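Computed from the coordinates by the stated procedures, all read-outs in this text should not be read as laboratory data. For clarity, every value in this text was computed on a predicted model and none was experimentally measured. Virtual Cβ from ideal backbone geometry, glycine too; neighbours counted across all protein chains shown.
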Amino acid sequence: MSRIDYKNIQIIGFDLDQTLYPKSSEIDEAIQDYIYDKISKKLEIDIETAKQKFDDLYQKGKGLSGSKSLIAIGFEKDVAKNIVQEALENAPIAKFLAPDSKTTFLLQKLHDIYKSIDLITGSNQKNTFTKLKTLAIPVELFSHILTADNTSKSDLSAFKLWLNYYPNYKPENFLYIGDRISSDYEKPNELGIQSILVNIQTPDLTIDCLQLPSILELGKYLI
C-alpha cells in the first residue's frame with residue numbers, strides 16, 4: 001500500500017513507453033524482433049534460428065524472462081537487461097500506436113491542476129516525438145522532455161536533472177508515473193521521488209508503491 005501524500009505533489013513526471021500507451025501483442029512482437037536481431041548478430045546465426053533459441057527459453061520451454069533468456073543464450077547480465085530495455089525503446093512500434101482521447105484529456109487535466117508535468121523517457125528524442133505525434137499527445141503539455149540522448153534513468157542522471165529544474169521544490173513534491181519497478185520506482189525512490197506504476201495487471205505486493213491497471217485510474221488519486 002502506497003503512503004503518498006498527494007497534497008504535497010506539485011510536479012508530475014511521466015515515462016513514455018508502455019505508460020502513455022497500453023501493452024499489445026503487436027508491440028510485443030516488434031520488441032522481440034529487435035531482440036532476435038541482437039541474438040543473430042552475437043551468435044552469427046540467421047534470424048529464424050535466433051528466434052527459435054530465444055522462444056524456446058522465453059515462452060515455449062523454460063518460461064524465463066526476456067533478460068534471463070538472453071543470459072542463458074550467452075549475454076552478460078547487464079548487457080541482457082540493456083537489450084530488453086533498448087528493444088522496448090527503439091523497436092519500430094509507432095505504427096502500432098493509436099491516439100486515446102481519454103489519456104490526452106487526463107494529461108490536460110493534470111497540466112491544468114499541477115505546477116508542471118514533464119516527460120522522462122529512455123527513448124531517444126526522434127522516437128519520443130514520433131510516438132507522441134502518433135498518440136496525438138501535444139508536446140506543449142510537457143514543460144520539460146528528457147530523453148536518452150543526454151540523460152539516463154538507470155544512472156539517475158535523468159531524475160537528478162529533473163529535480164534541478166525546480167530548485168525551490170523538494171523530492172517529496174515530485175511524482176513519477178511509469179510501468180517498470182526497476183527504472184520507474186526503485187531508481188526515483190533512491191532520490192526520494194515518489195512513484196505510481198500503471199498498466200500493471202498483477203501488483204507486486206513487496207513494493208510500497210501504488211500499482212494501477214490503467215493510466216486512466218490516476219484520475220481517482222490526482223484529480
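Of the listed values [x] 99, 42, 27; [y] 53, 34, 32; [z] 96, 27, 21, grab the one calculated as Cα extents along the principal axes in Å from the structure here.
Given [x] 99, 42, 27; [y] 53, 34, 32; [z] 96, 27, 21, the structure-derived one carries the label [y].
Contour minus end-to-end for Asn168 and Ile113, with contour as 0.36 nm per residue of separation and end-to-end as the Cα-Cα distance?
18.0 nm
Collect residues whose amide H, placed 1.01 Å from N in the peptide plane, falls under 5 Å from the amide H of Tyr165; neighbours closer than 5 in sequence don't count.
Here nothing satisfies the definition.
So, R0 is 30 Å and r is the distance between the beta-carbons of Asp149 and Leu205; what FRET efficiency does that work out to, to 0.05?
Using R0 = 30 Å, I get an efficiency of 0.25.
In the chain, what percentage of the DSSP-assigned beta bridges are antiparallel, given to the nearest 5?
Close to 0 percent.
At 222 nm, what value in deg cm²/dmol follows for the chain if DSSP H runs of at least 4 each add -39500 (n - 2.57) and the sum is divided by all its residues, to the nearest 500?
-12000 deg cm²/dmol
Would you pull out the residues with amide H under 5 Å of Ile200's amide H, same chain only if 5 or more places away, H placed 1.01 Å from N?
Leu212, Ser214
If you line up the long axis of helix 77-90 against the longest principal axis of the chain, both from Cα atoms, how many degrees apart are they, to the nearest 10?
It works out to around 70 degrees.
Please arrange Leu107, Leu20, Leu43 by counting, for each residue, the other beta carbons lying within 10 Å of its beta carbon, fewest first.
Leu43, Leu107, Leu20
I need the phi-derived Karplus couplings for the range 143-152: 6.51 cos²θ - 1.76 cosθ + 1.60, θ = phi - 60°, integer Hz, Gly and Pro marked x.
The phi angles translate into 5, 9, 10, 9, 10, 6, 5, 9, 9, 9 Hz.
Which angle between 0 and 90 degrees, to the nearest 10, do you get for helix 101-113 versus the longest principal axis of the chain when only C-alpha atoms count?
Compared with the principal axis, the helix lies near 40 degrees.
Could you state the principal axis extents of the C-alpha atoms in the range 25-94, from the largest down, to the nearest angstrom?
The principal-axis extents, from largest down, are 30, 24, 24 Å.
How large are Rg and Dmax for the range 5-61 when only the alpha carbon atoms are used, in Å?
Radius of gyration, then largest Cα-Cα span, for the range 5-61: 17.8, 55 Å.
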